[in-house]
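Novice: There's a structure below that I have some questions on.
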Amino acid sequence: MDQAPGSPQEPQDAQGLPGCYRHPAQETGIRCVRCERPICPECMISASVGFQCPECVRGGSGTGHAPSANQPRTVAGGTIAADPRLVTKILIGICLAAFVVQQTVGNPFTYRFEMIGHALMPGLSGPQGVAEGQWYRLLTAMFLHGSYLHIAFNLLSLWWIGGPLEAALGRARYLSLYFVSGLAGSALSYLLADPAQGSLGASGAIFGLFGATAILMRRLNYDLRPLIGLLVINLIFTFNPAFNISWQAHIGGLVGGLVVGYAMVHASRERRALVQYGVCALVLVVVLVTVVVRTAQLT
């Protein structure tokens, strides 16, 4: 984390870190600049110097202004929400609803909405895929899953990684990160995978959350080793042929998450929104160009 001279928020050793005063199980090396209580990323509110806890923000700005004079913001400049995990819950709910439909309707539903480049699909007339103008597959595939184990693993990862990240970024920025990362994963899968190879799952977007979380933790001087270890394990599974995983979607999502995540947490305060959403738009332009080029190759 970038710190101003004299800030009390100096990095601490990985061992013996205090727990957040609101979430005791969450170790943290950051303290509120006003009350000096330890606060985790979910409780951090960006201040002019360092971070403040939610209670100090609600109690006033510390400058003699009314509490409403300065709107509380997350570390990325987003607004503080009453339920910091609401978007994550909604995304999980959409994935669960889509999976119920998959189990109820069967393969015809999955075949119509999974990520496929160009192929003949059972039960559907004529060639199917993004190359046939079905660009919606780039998005809908992000909410479909192939098995109970597949959806369970992805949604647990989404809850564990996505919840704290949503609290740190704010809803709008978090949602932008999620969809841009997922679309980047779908686009790379469309570009590099066999056009007849179907892929589905939220893991492309989740890998984007992994990337953004690494950027955020690096900014806050957190120990990255546990996250890197988890990411390495996931990549080992990703590239293991026995699991038949679309590595293209994972890598595309990871790269998209790293790029967007860096913009989210490192943009200067003066041009923060412009840089953050500008980078999101730039990644989407790359996705669009990728899809157009691949479509021209397949048609």
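Novice: Residues of the stretch 104-123 being in contact with a helix residue (DSSP H, G or I) (Cβ under 8 Å, 6 or more places away or on another chain), modelled with pLDDT of 90 or more and not in a strand (DSSP E or B), which ones?
Specialist: Within the stretch 104-123, 109, 110, 113, 114, 116, 117, 118 meet the criteria.
Novice: Something else now. Which of the numbered conditions does residue 232 fail, given that it passes all the others? Conditions: (1) in contact (Cβ under 8 Å) with a residue 60 or more places away in the chain; (2) under 21 Å from residue 255 (Cβ atoms); (3) not acidic (Asp, Glu).
Specialist: Among (1) in contact (Cβ under 8 Å) with a residue 60 or more places away in the chain; (2) under 21 Å from residue 255 (Cβ atoms); (3) not acidic (Asp, Glu), residue 232 violates only (1).
Novice: In a helix (DSSP H, G or I), under 26 Å from the mean Cα position of the chain (by Cα) and modelled with pLDDT of 95 or more: is that true of residue 88 in this structure?
Specialist: It is true that residue 88 is in a helix (DSSP H, G or I), under 26 Å from the mean Cα position of the chain (by Cα) and modelled with pLDDT of 95 or more.
Novice: Right, next: Say whether the condition of being at pLDDT 95 or above, of a type in the set (Phe, Trp, Tyr) and within 18 Å of the chain's Cα centre (by Cα) is met by at least one residue in the stretch 176-197.
Specialist: Yes: the stretch 176-197 contains one or more residues that are at pLDDT 95 or above, of a type in the set (Phe, Trp, Tyr) and within 18 Å of the chain's Cα centre (by Cα).
Novice: Now for a different question. Hey, can you tell me all the residues within the stretch 278-299 that are modelled with pLDDT under 95 and within 20 Å of the chain's Cα centre (by Cα)?
Specialist: The answer is none; no residue qualifies.
Table: residues versus (1) surrounded by 16 or more Cβ atoms within 10 Å (Cβ to Cβ); (2) part of a helix (DSSP H, G or I); (3) among the acidic types (Asp, Glu).
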residue	(1), (2), (3)
145	yes, no, no
152	no, yes, no
156	no, yes, no
165	yes, yes, no
168	yes, yes, no
174	yes, yes, no
184	yes, yes, no
211	yes, yes, no
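Novice: Looking at (1) at pLDDT below 85; (2) surrounded by 15 or more Cβ atoms within 10 Å (Cβ to Cβ); (3) more than 24 Å from the chain's Cα centre (by Cα), which is the only condition residue 72 fails?
Specialist: (3)
Novice: Right, next: If I ask for residues that are under 17 Å from residue 168 (Cα atoms), in contact with a Cys (Cβ under 8 Å, 6 or more places away or on another chain) and in a loop (DSSP other than H, G, I, E, B), which ones from the stretch 28-43 would you list?
Specialist: Those that are under 17 Å from residue 168 (Cα atoms), in contact with a Cys (Cβ under 8 Å, 6 or more places away or on another chain) and in a loop (DSSP other than H, G, I, E, B): 28, 30, 32, 39, 40, 42, 43.
Novice: Among the listed residues 63, 28, which satisfies the condition of being under 23 Å from the mean Cα position of the chain (by Cα), at pLDDT below 90 and either in the same structural domain as residue 166 (by TED's automatic domain parsing) or hydroxyl-bearing (Ser, Thr, Tyr) (or both)?
Specialist: It is 28.
Novice: Are any residues in the stretch 87-110 over 17 Å from residue 175 (Cβ atoms), without any contact (Cβ under 8 Å) to a residue 60 or more places away in the chain and of a type outside the set (Gly, Ala, Ser), and if so, which ones?
Specialist: 96, 99, 100, 101, 102, 103, 104, 105, 107, 108, 109
Novice: Do we have any residue at all in the stretch 189-199 that's assigned to a helix (DSSP H, G or I), of a type in the set (Ser, Thr, Tyr) and touching a strand residue (DSSP E or B) at 6+ places or on another chain (Cβ under 9 Å)?
Specialist: yes
The values are calculated or read from the model by the stated rules, or taken from the named source; none is laboratory data. For clarity, every value in this text was computed on a predicted model and none was experimentally measured. Glycine also receives a Cβ, built like all others from the backbone with ideal geometry; neighbour counts cover every protein chain displayed.
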